[in-house]
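*Asks:* Right, I'll just put the structure down here and ask away after.
The values are calculated or read from the model by the stated rules, or taken from the named source; none is laboratory data. As the structure is a computational prediction, the values presented were derived from the model and not from experiment. Here the Cβ positions follow ideal geometry from the backbone for every residue, glycine too, while neighbour counts run over all protein chains shown.
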Amino acid sequence: MVVTGLGATTPLGGDVASTWEALLAGQSGIVPLTEEWAADMPVRMAGRVQVEPAEVMKPVERRRLDRSAQFALIAAREAWKDAGLDGVEVDVHRLGVAVGSGIGGVTTLLDNYDLLLAKGPRGVSPRAVPMLMPNSPAAYVGLEFGALAGVHTPVSACATGCEAIGYALNMIRSGRADVVVCGGTEAAIHPLPISAFANMMAMSKNNEDPKRASRPYDKGRDGFVLGEGSGIVVLESEEHAAARGARVYAVLAGVGYSADSHDIAQPDPTGEGIAAAVRSAVADAGISPEQIVHLNAHATSTPLGDTGELKALRMALGEDAEHIAISATKSMTGHLLGGAGGIETVFAVKAVHELLAPPTINITDLDENADLDIVRDEPRALPAETPAGPIVALNNSFGFGGHNVVLAIRRA
Amino acid sequence: MATQEEILSGLAEIVNEVAGIDVEDVQLDKSFTEDLDVDSLTMVEVVVAAEDKFGVKIPDEEVKNLSTVGDAVSYIASHAG
């Protein structure tokens with residue numbers, strides 16, 4: 001299965017090109033929250049999208065879509081065009097969609113609750129349900145391109161984006177579709193989710209220095225920084241892509257899944273769950289661990305999670321973990337929850353295509369338990385080949401609930 | 001009490017906002033569904049916004065009788081205030 005189109009709207013840019021450029025430059029997309037409601041919040045910063053949907057989407061369309069669906073549609077349109085599918089006749093019976101978000105149309109739900117309290121039942125929008133349902137972004141992407149092979153919404157908290165892309169891979173493998181538009185989206189910058197995550201002690205409270213708050217692998221890391229946006233890829237069977245002469249960015253070679261079944265929020269401290277997903281991705285992709293030269297880590301900047309992931313990587317790959325250039329791009333984008341797997345797949349695909357691993361910023365005092373090869377401050381050149389074959393990048397995503405998903409992306 | 005012209009122009013603004021139809025296309029003889037692409041959900045949005053704007057109650061069972069812009073203007077004119 002090959003990746004032929006990329007789309008994104010993120011805290012670093014309104015499309016893939018501007019996001020990738022900012023990422024390589026080591027820029028932070030985290031900004032102070034200046035809304036009135038933010039004044040009393042324990043956390044007053046987030047990664048807002050760089051380009052507001054209002055700049056690229058008509059008002060009528062915007063009022064009918066939850067913000068999470070707006071992001072997904074913007075990214076999907078870019079990916080579709082990037083794949084060279086705009087204006088091309090596609091067999092819609094063989095076209096699918098798999099797009100998810102971690103927590104769905106939460107701002108629509110809460111804004112309509114405010115309207116209910118203020119105006120009574122008549123104040124609630126008749127569009128509230130089709131906007132807040134978690135499958136709404138997928139449904140709107142499906143409507144946009146007329147997809148008939150199936151429109152799906154896997155949900156697994158912060159593993160959602162990767163889970164959706166893995167689902168898309170299996171749709172094509174099982175013969176249900178030739179082309180699947182897939183990825184993740186999230187729009188949860190609202191006082192309720194922020195209060196909830198902050199009360200879980202999961203978020204950084206470094207409000208004084210937002211651009212330095214997301215600091216995976218730094219000793220002083222104190223939690224994740226919330227981001228918003230979407231990353232979408234066009235996945236296609238090799239035959240279909242070859243028949244239309246499509247440009248191929250990379251091969252999605254395999255996906256690995258596992259579940260911790262340890263705790264609803266804490267990762268399994270043994271790392272066994274993550275290690276199992278890594279092994280399973282390697283086996284599913286039919287690659288040798290020697291080929292893995294890059295990892296887009298889940299690394300959200302939490303004290304336990306970041307180093308636990310590295311420990312699991314070593315457990316799964318042994319010495320082969322040592323030749324992997326590891327990037328924690330959430331240091332720049334913040335954590336997009338269900339959108340994370342989407343944008344980070346875009347980044348991992350770009351990395352193997354352009355032979356560049358993006359940097360990890362904000363490490364001033366490296367945690368001694370981060371004892372693998374972390375790409376710091378500057379991007380790192382990657383080789384195109386290894387003695388065992390073309391290079392492979394892994395993209396890890398883990399979610400509350402103990403969901404582990406690992407994608408294996410091979411250079412084309 | 002709003003005049004027929006004021007109601008039409010207010011309604012046109014609402015239809016423009018919720019359905020993206022040009023204000024000048026919202027004329028008395030236009031059918032909401034046939035001419036203005038106002039589907040059933042959008043019609044509810046139009047009705048609720050009109051209730052707010054003109055201080056009128058438009059019961060659900062009445063909405064199906066409002067097939068043209070003119071029907072809506074007449075209903076509002078005779079029930080407002």
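*Asks:* Which residue pairs have Cβ atoms under 7 Å apart, sit 6 or more places apart or on different chains, and have a first residue in the range A:355-369 that is on the phi > 0 side of the Ramachandran plot and a second that is modelled with pLDDT of 95 or more and part of a loop (DSSP other than H, G, I, E, B)?
*Replies:* A:L355/A:L382; A:L355/A:A384; A:N362/A:S214; A:N362/A:R215
*Asks:* List pairs: first in the range A:239-250 and under 15 Å from A:I172 (Cα atoms), second modelled with pLDDT of 95 or more, Cβ under 7 Å, 6+ apart or cross-chain?
*Replies:* From residues that are under 15 Å from A:I172 (Cα atoms), the pairs are A:H240/A:D178; A:H240/A:V179; A:A241/A:V2; A:A241/A:T4; A:A241/A:V248.
*Asks:* Something else: I'd like the full set of residues that are part of a helix (DSSP H, G or I), closer than 19 Å to A:T4 by Cβ and in contact with a Gly (Cβ under 9 Å, 6 or more places away or on another chain), limited to the range A:144-178.
*Replies:* Correct list: A:G161, A:C162, A:A164, A:I165, A:G166, A:Y167, A:A168, A:L169, A:M171, A:I172.
*Asks:* Next question. Looking at the range A:193-208, I want the residues that are in contact (Cβ under 8 Å) with a residue 12 or more places away in the chain and have a partner that is part of a helix (DSSP H, G or I) with Cβ atoms under 8 Å, at least 6 apart or on another chain. Which pairs are those?
*Replies:* Taking only residues 6 or more apart or on different chains, the pairs are A:P193/A:V106; A:M203/A:I194; A:M203/A:F197; A:K205/A:A198; A:N206/A:R212.
*Asks:* Across the range A:36-48, which residue is farthest from the other protein chains (Cβ to nearest Cβ) among those that are in contact with a helix residue (DSSP H, G or I) (Cβ under 7 Å, 6 or more places away or on another chain) and either modelled with pLDDT under 95 or assigned to a loop (DSSP other than H, G, I, E, B) (or both)?
*Replies:* Restricting to residues being in contact with a helix residue (DSSP H, G or I) (Cβ under 7 Å, 6 or more places away or on another chain) and either modelled with pLDDT under 95 or assigned to a loop (DSSP other than H, G, I, E, B) (or both), the top hit is A:P42.
*Asks:* Is it the case, given these coordinates, that B:L36 is surrounded by 18 or more Cβ atoms within 10 Å (Cβ to Cβ), within 14 Å of chain A (Cβ to nearest Cβ) and farther than 23 Å from A:V124 by Cα? Spell out the reasoning first.
*Replies:* Values: surrounded by 18 or more Cβ atoms within 10 Å (Cβ to Cβ): yes; within 14 Å of chain A (Cβ to nearest Cβ): yes; farther than 23 Å from A:V124 by Cα: yes.
The answer is yes for B:L36.
*Asks:* Can you name the strands (runs of 3 or more DSSP E) wholly within the range A:310-412 that have at least 2 residues being buried (at least 18 other Cβ atoms within 10 Å of the Cβ) and within 13 Å of the chain's Cα centre (by Cα)?
*Replies:* A:392-399, A:403-411
*Asks:* Applying the selection to the range A:234-252, what residues are among the β-branched types (V, I, T) and over 21 Å from A:I74 (Cα atoms)?
*Replies:* Hits for the range A:234-252 are A:V248, A:V251.
*Asks:* Now for a separate question. Which of (1) within 14 Å of another protein chain (Cβ to nearest Cβ); (2) on the phi > 0 side of the Ramachandran plot; (3) of a type outside the set (K, R) does A:G150 not meet, given it meets every other one?
*Replies:* Just one mismatch for A:G150, condition (1).
*Asks:* Identify, please: which residue in the range A:49-66 is outside any helix (DSSP H, G or I) and touching a residue at least 60 places away in the same chain (Cβ under 8 Å) and is, among those, farthest from the other protein chains (Cβ to nearest Cβ)?
*Replies:* A:V49
*Asks:* Counting only residues that are under 19 Å from B:D39 (Cβ atoms) and either among the aromatic types (F, W, Y) or crowded, with 17+ Cβ neighbours inside 10 Å (or both), which one in the range B:1-23 is nearest to the chain's Cα centre (by Cα)?
*Replies:* Only one residue fits best here, namely B:L11.
*Asks:* Please determine, by comparing only the residues of the range A:259-293 that are within 21 Å of A:N369 (Cα to Cα) and touching a Pro at 6+ places or on another chain (Cβ under 8 Å), which one is surrounded by the fewest Cβ atoms within 10 Å (Cβ to Cβ).
*Replies:* Per the stated criteria, the residue is A:G273.
*Asks:* Yes or no: A:I232 under 22 Å from A:A138 (Cα atoms) and assigned to a loop (DSSP other than H, G, I, E, B)?
*Replies:* The answer is no for A:I232.
*Asks:* Something else: With respect to A:A196, determine if the residue is assigned to a loop (DSSP other than H, G, I, E, B) and under 21 Å from A:G105 (Cβ atoms).
*Replies:* Considered against the rule, which asks whether it is assigned to a loop (DSSP other than H, G, I, E, B) and under 21 Å from A:G105 (Cβ atoms), A:A196 comes out as no.
*Asks:* What number of residues within the range A:118-135 are within 11 Å of chain B (Cβ to nearest Cβ), buried (at least 19 other Cβ atoms within 10 Å of the Cβ) and in a helix (DSSP H, G or I)?
*Replies:* Selection size over the range A:118-135: 2.
*Asks:* Here's something else I'd like to know. If you check A:R62 against the conditions, is it within 25 Å of A:N135 (Cβ to Cβ), of a type in the set (D, E, K, R) and either modelled with pLDDT of 95 or more or touching a strand residue (DSSP E or B) at 6+ places or on another chain (Cβ under 7 Å) (or both)? Steps first, answer last, please.
*Replies:* Working: within 25 Å of A:N135 (Cβ to Cβ): yes; of a type in the set (D, E, K, R): yes; either modelled with pLDDT of 95 or more or touching a strand residue (DSSP E or B) at 6+ places or on another chain (Cβ under 7 Å) (or both): yes.
Yes; evaluated as a whole, the condition is true for this residue.
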